[in-house]
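Heads up: the structure comes next, in structure tokens.
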There are 2 protein chains.
Amino acid sequence: MFEAPYLLFLGDVPDALAAKMARGIYDWRPEAAAGQLRMKNCKADLGIKDMTVQEAAAAGVKTLVVGVVNRGGIISESWLSILVEALEAGLDIASGLHNLLRDEPVLVEAAKKYGRTLHDVRVPSIKYPIANGKKRTGKRCLAVGTDCSVGKMYTALAMDREMKKRGMKSTFRATGQTGILIEGNGVPLDAVVADFMAGSIEWLTPNNDPDHWDIVEGQGSLFHASYSGVTMALVHGAQPDALILCHEPTRETMRGLPDYTLPTLEELRDTALPLARRVNPDCKVVAVSVNTQHMDEDKALAYLKNVEERMGIPAVDPFRQGAGRLVEALS
Amino acid sequence: MFEAPYLLFLGDVPDALAAKMARGIYDWRPEAAAGQLRMKNCKADLGIKDMTVQEAAAAGVKTLVVGVVNRGGIISESWLSILVEALEAGLDIASGLHNLLRDEPVLVEAAKKYGRTLHDVRVPSIKYPIANGKKRTGKRCLAVGTDCSVGKMYTALAMDREMKKRGMKSTFRATGQTGILIEGNGVPLDAVVADFMAGSIEWLTPNNDPDHWDIVEGQGSLFHASYSGVTMALVHGAQPDALILCHEPTRETMRGLPDYTLPTLEELRDTALPLARRVNPDCKVVAVSVNTQHMDEDKALAYLKNVEERMGIPAVDPFRQGAGRLVEALS
């Protein structure tokens, strides 16, 4: 979709958190992050080389990535002259902001003038097909969660990295804007029109070598009243061979839904597996990935041990322990 | 959304089937169908009063409804002069065609000139909220199917009509273009952006009197690989108190998916009910609605009796037997 290496644009963000998308790109694809561009007053710093647009162009950078989030997801006026300069210097621009690059006349005009491309990763750029449910070659692993934001993307990225390290054939398949910015392509599933959701995921995970794994980023949760339809389309569109259950044990209510408690891991397993087997009768729940960031080490390890004993499959915090055992659970 | 009475525009369709949307409107809301407008060569006839645009305007018609389907869903050039005449005469226009009224410059211009509105019911006309899952007042019944096109809309319309006849408070809630054309409003769910699907259904079925029933039109099937996400959003967005299971017993494979067989009614019940109880713990599966059009009377009645005995709830073909027992199952 868009090309590395990147110049990570941090703008004038007030703190490090506002640069979390850029941080994600640097954490997961350091080789793609040629440098950062920080405006005066920028309070974030990835600790990589500072570059001007001209320096980036000279260094072979292909794309300036707007790696920040701000209230309302707006493209600040103060950024525009730098973004235009980047287009003039021969860079494309990619952005995950809610407000679109394509809605800024000055950027549209400059992109046209200099023959560059504006990539708004929050909105679909192609017309996806309707899903046909046909069996595809290759293997697919999908992360499903008891809730939103429990570590599904982290789990998928960590597994993909570990598999590549082991010489296995794998591809991270991004389904949300941060994942797309990291990978350089993917499907912004939450912005796809209802009828084409499952089809977009079939398109994202096509036929492949028999020993190739697509590691598909999950979205939402089958138990989340706002987004369960999105998750359902992933379960049927991805045609998974393996499900990884993702959970955050200290969360008391569903994200954004104060009236709802989280399901148990067993409920998630017993709901997701029969649905997945509708499209792939061989699907298995292979492991549990637990986000234990709010537990101390002793408590975290005790929790993981308990889950393993209860459920009879590996339970791992990939941040704390690495993704090795999750990857091993695939075979 | 748009106002009755209607002039049903049949255009120059080659057969009665092509006028099936108009037929649906006339069957379900005869009081709204003031007349039909048939061009020369039109091979369909609803058996109601033929009217010119001028006669319709004089009779108080508010909206010309394009009640036809054709290959590609296009707006024929030969229709345009009549549609412009309707706008000039003070009628709005509503259409469920794939191609949009708003994409025809001559119609846009005429609507502007005469202060009329073009209603494209296939695309959302408002910005729906994200679902919040909060408990709403009033009651809701949702039709869910073993497959697409098994009679969910018919079941909902027949129940709503029967309830009104009995003096019960009920509203048919349309979620597809034919239903919207019949009711005059609704949500074209298959065209809603993923993140807003469940929210659109919450919006469609708001707080209401404690003894009021929304009879919500179903879409797709939880077992249909192409559209299951849409159905899931309905199950969570509608917050149903009652589910009606819909089925067509002679169908051998899922609509559009030749590799997939239909689930059993028991599988549908055991899948849909736990999902619905996530948002409404009191939800019950109250009845089965069977489309027996491809069975003779003896076979149909034997099938219905068998389902009742197996499942312990009423099993009815509302077309053959009326919707009375489905309505009684709600209480």
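What number, rounded to the nearest 500 deg cm²/dmol, is the helix-based mean residue ellipticity at 222 nm of chain A, given -39500 (n - 2.57) per DSSP H run of at least four residues and division by all its residues?
Details: 12 runs with 111 residues, N = 331.
The helix contribution divided over chain A gives -9500 deg cm²/dmol.
Listed by chain and number, the lysines whose C-alpha is less than 19 Å from the C-alpha of B:Lys139, apart from same-chain residues fewer than 8 away, are B:Lys152, B:Lys164, B:Lys165, B:Lys169, B:Lys284.
Remark on region B:73-112: Rg and Dmax equal 9.3, 25 Å (Cα only). The mean number of Cβ atoms from other chains found within 10 Å of a Cβ in peptide B:178-191 is 1, as a whole number. Remark: mean inter-chain Cβ contacts per residue of B:251-262 equal 2, using a 10 Å Cβ-Cβ cutoff to other protein chain atoms. With label points set 7 Å from Cα along Cα→Cβ, the inter-copy distances at A:Asp296 are 7.9 nm, sorted shortest first.
Summarising the amide proton neighbourhood of A:Arg173: residues at separation of 5 or more, or on other chains, whose placed amide H is nearer than 5 Å comprise A:Ile215, A:Val216, A:Glu217. Applying 0.36 nm per residue to the separation of B:Asp27 and B:Asp259 and subtracting their alpha-carbon distance, the gain on full extension is 80.0 nm. The accessible area of B:Asp259, taken with all protein chains in place and a 1.4 Å probe, comes to roughly 100 Å². Summing Cβ point charges (Lys, Arg +1; Asp, Glu -1) relative to the Cα centre of chain B gives a dipole of roughly 640 debye.
Length, then width, then depth: along the principal axes, the Cα atoms of region B:89-195 run 44, 35, 30 Å.
Counting only aspartates and glutamates at least 8 places from B:Lys40 when in the same chain, those with an alpha carbon closer than 16 Å to its own are B:Asp12, B:Asp15, B:Asp50, B:Glu77.
Residues with beta-carbon under 9 Å from that of B:Phe2, excluding B:Phe2: net charge, scoring Lys, Arg +1 and Asp, Glu -1?
On the way: positive: B:Lys62; negative: B:Glu3, B:Asp92.
Once all neighbours under 9 Å are counted, the net charge is -1.
Placing a label point 7 Å from the Cα of B:Glu309 along the Cα-to-Cβ direction, the distances to the matching points in the other copies come to 5.0 nm, shortest first. Remark: region A:296-310, residue by residue, has Karplus-estimated 3J(HN,Hα) of 6, 4, 4, 5, 4, 5, 5, 5, 4, 5, 4, 5, 4, 5, 5 Hz, where x stands for each Gly or Pro and the curve is 6.51 cos²θ - 1.76 cosθ + 1.60 at θ = phi - 60°.
With +1 assigned to the C-beta of every Lys and Arg and -1 to the C-beta of every Asp and Glu, and no other charges, what is the dipole magnitude of the protein assembly as shown about the Cα centre in debye, to the nearest 20? List each step's numbers first, then the result.
Values: 76 positive and 84 negative charges, 27 e Å.
The dipole magnitude comes to about 140 debye.
Sorted from shortest to longest, the distances between the A:Asp209 label points of this copy and the other copies are 6.7 nm, with each point 7 Å from Cα along the line through the beta carbon.
Residue by residue along A:229-239, Cβ atoms of other protein chains within 10 Å of the local Cβ number 6 on average. Given a 1.4 Å probe and the protein chains all in place, what does the accessible area of A:Lys20 round to, in Å² to the nearest 10? The accessible area of A:Lys20 comes to roughly 120 Å².
Using the Kirkwood radius over C-alpha pairs as Rh, can you work out the diffusion coefficient of the protein assembly as shown via Stokes-Einstein at 4 °C, viscosity 1.567 mPa s, in µm² per second? My calculation gives 48 µm²/s for D.
Taking N as the residue count of region A:36-84, its C-alpha radius of gyration divided by 2.2 N^0.38 Å amounts to 1.19.
Given the Cα-Cα distance of B:Asp211 and B:Arg277 and 0.36 nm per residue of separation, how much length would full extension add, in nm? Before the final figure, lay out each step's value.
On the way: separation 66, 0.36 × 66 = 23.76 nm, distance 2.02 nm.
Contour length minus Cα-Cα distance gives 21.7 nm.
The values are calculated or read from the model by the stated rules, or taken from the named source; none is laboratory data. Just so we're clear, the structure is a prediction, and the values are computed from it rather than from any experiment. Cβ coordinates were reconstructed from backbone atoms using ideal geometry, including for glycine residues, and neighbour counts include every protein chain displayed. Accessible surface areas use protein heavy atoms only, side chains included; no ligands, DNA or RNA. Shrake-Rupley method; radii C 1.70, N 1.55, O 1.52, S 1.80 Å.
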